[in-house]
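The values are calculated or read from the model by the stated rules, or taken from the named source; none is laboratory data. Quick caveat, the model's predicted, so the values are computed rather than measured. Cβ atoms come from the backbone with ideal geometry, glycine included; neighbour counts cover every protein chain shown. The area values use the complete protein model at the heavy-atom level, side chains included, leaving out ligands, DNA and RNA. Shrake-Rupley method; radii C 1.70, N 1.55, O 1.52, S 1.80 Å.
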Amino acid sequence: SAIMDELAHIPSGYSYDKYLDFRLNPEHPPLLKSLSALPLLFMDLNFPLNEKSWQEEINSQWWVGTQFIFESGNNADTIIFWSRLAPILLTILLIFLIYFWSAKLLGKWWGILPAFLFAFSPTVLAHGHYVTTDLAATFGIFASTFSFLNFLAKPNKKNLIVAGLTFGMAQLLKFSAVLLVPFFILIALIHFFVNLKGFSRFAPNHKIKFFLKKAGVYILWLFSIFFIGFLLIYAVYFIFTFNYPIERQVGDTREILTSFAGSPTPVGETCSGKRCLADLDIWLAGNSLTRPAAEYLLGVLMVMQRSSGGNTAFFLGEVGGGGWWYYFPVVFILKETLPVLLLILFSLISATLRLFRSLRQNRIKIIDYLNTNFAEFSLLVFVIFYWVYSINSPLNIGVRHIMPTIPFIYILSVSALKKHFFFEQKSDSFSWFSQFFKTINLISKNANKLIILFAVLLWFSIESALAYPNYLSYFNELGGGTKNGFRFVTDSNYDWGQDLKELAIFVEKNNIDKIAVDYFGGDSLAYRFGNKAVP
């Protein structure tokens, strides 16, 4: 069945591709929606172009979605099925990318483990096939972070362009990727100070010149990456606003931003605060050259409004709209599998003890650590950075909002496991025969640890398999299991409307003539039940 957000995203993507018109769903960037709609272009589908929801109403995405998918004579199941091909392929590509980067950081065998944990995570299996922006954001942020760190390690023109393009791609997948801007600036600043090689050998009067010159290089790098990303964003929005009437865009922007900042500033008066941003966006929308940028800015402002305003939610027996600071930690603990939680906890304890032991023995030098483990350090910074932002956000509607950190958490956990199980042993011998027996000897010494690790992974595999097909509703034993998770938290953590077809099949099999349904989702009671269902 169509889940809640797909009702808006599928028709929006189709309208972008088919009509190059961005009037629907500006709150989310276009890339995932556009990719999902590509297969639909090869079908003979009816779109509600003459309906009031398209012609007159502002951002009436939900009504257009209902009319397009369920009320225009189209086959709803065909539309939903083919729209999900793009997110499925994106999820598979992300799994391979996780392995590729993990293999570079941990080795080709240990690199399998983070990819395995991600691929069979109930949360990923739940969201990896829906036409929503959460898995797409995870892909974009992961790819962009990898490309940026790869550029810092090997700064050349090719890596610079790739870093810029992946940064732009991330922004086109979800607006939360804008957090990459301060994150990249922070990481570049740390990398700059770590790599001030030769600074001490300069005379005092030349140190400032050297410092400023090197700082200028880093500033130029960041500016270039952000500029390349902006060019990609502009190009995509230029295409998808090509047939969006400029007068309509200005009117829609003005109306949408009224709830963000109130009425436009009267002529002759000076704007302030949010109103200045809103006035700027309205002005940009009225210029044919800048209106692609205006549509992107509109989406950012809409997300700012929604994030600051929160969302009515049920959590631990309470209903509220102001958010709970402990929402995401609790939901993550309840929805992540117990074996993976144990691996993460063990890795955290192991890494902390190793750090304190090194500090006590005075064996650790921060600069040396950053020089050899900068990528690992950067992943940790991102996880902390993103979680702090999420915890402070009152928008508490699902564990899916912290999905971008999950691949990084898995990589960091496996890295700590590897260091605990197998300390690196340097060898001067390049003999394959010698290396083989050293590896066998290493494994035999850690046999007990390996047996425990494989047991935990087997437990994880069984846990994931038993969750089928209710991955969206999955809760671990701490959350009372899938059948009782709703007692703790709901919304996209539990019921997003994914099972309406299953209910329709149940009604048909049991010859039920009438049924009352309280439904939260993107599917259609009338389409699935005819006149049997009473909302």
Among (1) closer than 18 Å to residue 167 by Cα; (2) open to solvent by 20 Å² or more (accessible area, probe 1.4 Å), where does residue 184 come up short?
-> (2)
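Rundown of residues vs (1) of a type outside the set (Asp, Glu); (2) open to solvent by 30 Å² or more (accessible area, probe 1.4 Å); (3) in a helix (DSSP H, G or I), yes/no style:
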| position | (1), (2), (3) |
| --- | --- |
| 16 | yes, no, yes |
| 29 | yes, no, no |
| 48 | yes, no, no |
| 73 | yes, yes, no |
Kindly indicate whether residue 412 is within 24 Å of the chain's Cα centre (by Cα), of a type outside the set (Asp, Glu), surrounded by 17 or more Cβ atoms within 10 Å (Cβ to Cβ) and under 24 Å from residue 181 (Cβ atoms).
-> yes
Which of the residues that make up region 252-276 are assigned to a helix (DSSP H, G or I), of a type in the set (A, V, I, L, M, F, W, C) and crowded, with 17+ Cβ neighbours inside 10 Å?
-> 256, 260, 261
Give me the pairs: first residue in region 296-323 and within 18 Å of residue 262 (Cβ to Cβ), second residue in a loop (DSSP other than H, G, I, E, B) and open to solvent by less than 40 Å² (accessible area, probe 1.4 Å), beta-carbon distance under 6 Å, and six or more apart or on different chains, which are they?
-> 298/26; 302/27
Could you say which residue among 324, 387 is open to solvent by 10 Å² or more (accessible area, probe 1.4 Å) and assigned to a loop (DSSP other than H, G, I, E, B)?
-> 324
Please state which one of 92, 98 is among the aliphatic types (A, V, I, L, M), surrounded by fewer than 24 Cβ atoms within 10 Å (Cβ to Cβ) and assigned to a helix (DSSP H, G or I).
-> 92
Residues that are touching a residue at least 60 places away in the same chain (Cβ under 8 Å) and over 25 Å from residue 395 (Cα atoms), drawn from region 469-498 | 477
For residues that are open to solvent by 10 Å² or more (accessible area, probe 1.4 Å) and in a loop (DSSP other than H, G, I, E, B), scanning just region 110-151, find the one that is nearest to residue 335 (Cα to Cα).
-> 120
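For region 222-247, which positions are over 25 Å from the mean Cα position of the chain (by Cα) and surrounded by 15 or more Cβ atoms within 10 Å (Cβ to Cβ)? Steps first, answer last, please.
First, the residues of region 222-247 that are over 25 Å from the mean Cα position of the chain (by Cα): 242-247.
244 - this is the single residue of region 222-247 that is over 25 Å from the mean Cα position of the chain (by Cα) and surrounded by 15 or more Cβ atoms within 10 Å (Cβ to Cβ).
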Between a first residue in region 338-360 that is open to solvent by less than 90 Å² (accessible area, probe 1.4 Å) and a second residue that is of a type in the set (Asp, Glu), which pairs have beta carbons less than 7 Å apart while being 6 or more apart in sequence or on different chains?
-> 338/477; 339/463
